[in-house]
Amino acid sequence: MILTGVDYYPEQWDESLWESDAERMAVLGIRVVRIGEFAWSALEPEENTFHFEWLDKVIQIFTRYHISIILGTPTNCPPRWMFQKYPETVQQNQSGQRLQPNIRGERCISSPVFLKFAERIIENMAARYGGKESIYAWQIDNELESNHCTCSYCTHAFQKWAEKKYKTIQKLNKAWGTAMWSGTYSDWEQIEPPILTEGRKTDWYNPAYMLDYERFCSESSAEYVQFQCSIIRRYDPNAVITTNSCFGKYTPDYHSMYQTLNVAGYDNYPPTAIPDDPQALYSNAFVLDLVRGFKQKNFWILEQLGGPMGCWMPIKKQLVPGMMNGYAMQAVAHGADLVSFFRWRTAASGAEMFCYGLLNHDNHDNARIAELKEYIQRVNKINGLSDTSLISQAAMIYSPDQEYSIKNQAQSEGFAYWTQMRLFHEACMNLGVNIDIIPEGTDLSKYKTVIVPEYFVVHQKTVEQLEEFAGNGNSVIITNRSGVKDENGCCIINDYLPTVFTKLCGCHVTETDAIGTLKQRIRSVHGGVYQVTSWCDLVECDTCEPVAEYLDSWYAGTAAVTVNKYGKGKAYYIGTVGEKNLYRSLMLEIFSQDGIPTIDNLPAGIESTVRSNPNMQFRFFFNNTEKAAGFIYHHESVSLKPFEMKILTQSGEWI
């Protein structure tokens, strides 16, 4: 069964509401409640004074109603007494200033004092609740980002990280290319986090240094997760442990972070207002597949859109009918086995009081409660769905190094790593092709097509793996700004771009044009004309053949997209950034050649995926637009209302 849950904060509500809330949830069919991740001050109101009785009572109430618990460690929000008495537990921001404890997440996860208190509260919780049947899983902290604290503890940790990696200061200087601007280090203590004051930006710093700094920040957060896991498993070796990922300013390497966790979790807030621009990339399908790739298996939604957003921002547009249900089903279609809606009650105080949950402040049933009931009834009727997963013949490699480097050094105005990934991904969804988003080093043997967007920072093992993959009869797709830097983040010299991929792609780039927001055109060999922007590589064919050429500017007639035979397979090089239809056209042709079945008549905005196992199959069709749409599938007319999901079983039944 696909589990349905809600996020609940009993410490924020009068005790008289707990029982009635649990009863209402049970009647709706809610089976999981997520609690505790912000409750430290309620659990330890004074140093070394613990109050767990109220949490005992909450767990007992939900257990009576057969609702299981996802219990959060409350370490994201330490009590005020800690910050007051131990100011060294407060983070320093990238301006080098201590944060003012006011909202959440201000703790320094490297502070020995904070870690001592964190260990104690987690130990108390794990000793009390570990192994209890009512505890379905544990959630570590909340929406962890990379640790960008600049305090003395984090500075020292960065120095030790660099020393462990490079062993000698001479090797570090060589790797970072510190001869530029007399930046050579002579002592480990000279290495400090970047301080951004007086308009100073990250791209003022040595990019190789910044790449390693981002790696360090990500590893710090991963070690923090391991620290908490080890405490919980000390008391409950069989505990199921997760955390809730998000994609914010400081996104860590989640593939690394989730290695010690049992299941990936995500906080899913799709847009409630759909952009008018037909070229806009807004679908949350991409991040759902990205999250599935963290553990390369089905995942959980720990916060699912339950109402219009309104925290730290103007209140967003109300959910249109069917949107809440449709977005929850979209998550299931991409591999979610648990969907927990945020939140049961809309907060009555604090910064999130207008971040609406399922129940408004009036406490009455409403349209969102009705949609929740409809969603629960629907997923509960689909027998065997939770025993299925997404099996893909296509994959896309996601590498945090590329995100870190390209974000730090903008390649042109509007150029972004995620843009090209989303363009490829949306094409796959609109063609009805499952696609896995995988980390570097993943075994590629089960795939026929692998997409590698903007492989800016090169790892030689990945290059060799892709050459072997293509040589064995498969397709590899490489894009512009690939092969630019070595693994340290310094430019590769004495070779044409795409450097390490010139043999695989059979081409070289003679010039580049960072056109930014300008619009130009290319024409494919099949006659299609497509608009391009952001970047133009002028590609010269060595052993490859042109697939498309530029129509505009001084390089009209020059190749923009190429294909090269490599061993038994093929390698494509895309030297520009195009509109959606370019990627759809390319992927349709490539999938056809690779023997991957497609659906080529879906209207724009219609997404299709398949969950299956050897005994059953469910094909999902989701209308991710505000307009009704229709199409023919297997000689049958299919119509979809805005945000409607329809599911076709292997036996031909629509559910």
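General observations
- The residues on offer are GLY105, GLY131, and the sole one that is farther than 30 Å from ASP203 by Cβ, part of a loop (DSSP other than H, G, I, E, B) and of a type in the set (Gly, Ala, Ser) is GLY131.
- Within segment 630-646, tally of residues that are touching a helix residue (DSSP H, G or I) at 6+ places or on another chain (Cβ under 8 Å) and either modelled with pLDDT under 95 or not aromatic (Phe, Trp, Tyr) (or both): 3
- Looking only at residues in segment 600-618 that are hydrophobic (A, V, I, L, M, F, W, C) and crowded, with 18+ Cβ neighbours inside 10 Å, the one that is farthest from VAL525 (Cα to Cα) is PHE618.
- If the condition is being in a helix (DSSP H, G or I), open to solvent by 10 Å² or more (accessible area, probe 1.4 Å) and β-branched (Val, Ile, Thr), then segment 372-409 contributes no residue at all.
- Odd one out for ALA351, checked against (1) at pLDDT below 95; (2) open to solvent by less than 10 Å² (accessible area, probe 1.4 Å); (3) among the hydrophobic types (A, V, I, L, M, F, W, C): (2)
- The listed residue being farther than 24 Å from PHE117 by Cα, of a type outside the set (Lys, Arg) and touching a helix residue (DSSP H, G or I) at 6+ places or on another chain (Cβ under 9 Å), out of ALA22, ALA39: ALA22
- Any chance GLU133 is farther than 26 Å from TYR254 by Cα, over 24 Å from the mean Cα position of the chain (by Cα) and modelled with pLDDT of 95 or more: yes
- Test: residue in segment 32-50 that is within 30 Å of VAL332 (Cα to Cα) and surrounded by fewer than 15 Cβ atoms within 10 Å (Cβ to Cβ): no
- Residues satisfying the stated conditions in segment 80-101, i.e. modelled with pLDDT under 95, open to solvent by 40 Å² or more (accessible area, probe 1.4 Å) and either under 22 Å from PHE38 (Cβ atoms) or not small (Gly, Ala, Ser) (or both): ASN93, GLN97, ARG98, LEU99, GLN100
- GLY506 open to solvent by less than 10 Å² (accessible area, probe 1.4 Å) and either free of Cβ contacts under 8 Å to residues at least 60 places away in the same chain or among the β-branched types (Val, Ile, Thr) (or both): no
- Top-ranked residue of segment 302-331 - restricted to ones that are over 21 Å from ILE2 (Cβ atoms) and charged (D, E, K, R), ranked as surrounded by the most Cβ atoms within 10 Å (Cβ to Cβ): LYS316
- Take the conditions (1) open to solvent by 20 Å² or more (accessible area, probe 1.4 Å); (2) over 20 Å from ASN147 (Cβ atoms); LEU172 misses just one of them, which is (1).
- Cβ pairs under 9 Å, 6+ apart, first in segment 422-442 and more than 21 Å from ILE632 (Cβ to Cβ), second modelled with pLDDT under 95: none
- Flag for GLU219 being at pLDDT 95 or above and farther than 17 Å from GLY489 by Cβ: no
- Any chance TYR455 is open to solvent by 10 Å² or more (accessible area, probe 1.4 Å) and within 20 Å of ASN488 (Cβ to Cβ): no
- From GLN100, GLN94, residue being part of a loop (DSSP other than H, G, I, E, B) and either in contact with a Pro (Cβ under 8 Å, 6 or more places away or on another chain) or of a type in the set (Phe, Trp, Tyr) (or both): GLN94
- Residues that are open to solvent by 40 Å² or more (accessible area, probe 1.4 Å), farther than 26 Å from THR517 by Cβ and out of contact with any helix residue (DSSP H, G or I) (no Cβ under 8 Å at 6 or more places or on another chain) within segment 267-301 comprise TYR269, GLN296, LYS297, listed in sequence order.
- Annotation note: of GLU579, GLU589, the sole residue that is more than 30 Å from LEU319 (Cβ to Cβ) and at pLDDT 95 or above is GLU589.
- Among the residues making up segment 51-63, a single one is assigned to a loop (DSSP other than H, G, I, E, B) and open to solvent by 60 Å² or more (accessible area, probe 1.4 Å): HIS51.
- Total residues in segment 467-501, condition without any contact (Cβ under 8 Å) to a residue 40 or more places away in the chain and not in a loop (DSSP other than H, G, I, E, B): 2
The values are calculated or read from the model by the stated rules, or taken from the named source; none is laboratory data. These numbers were taken from a predicted model, which means no experiment stands behind them. FYI the Cβ positions are ideal-geometry reconstructions off the backbone, even for glycines, and counts take in every protein chain you see. Only protein heavy atoms, including side chains, enter the accessible area calculation; ligands, DNA and RNA are left aside. Shrake-Rupley method; radii C 1.70, N 1.55, O 1.52, S 1.80 Å.
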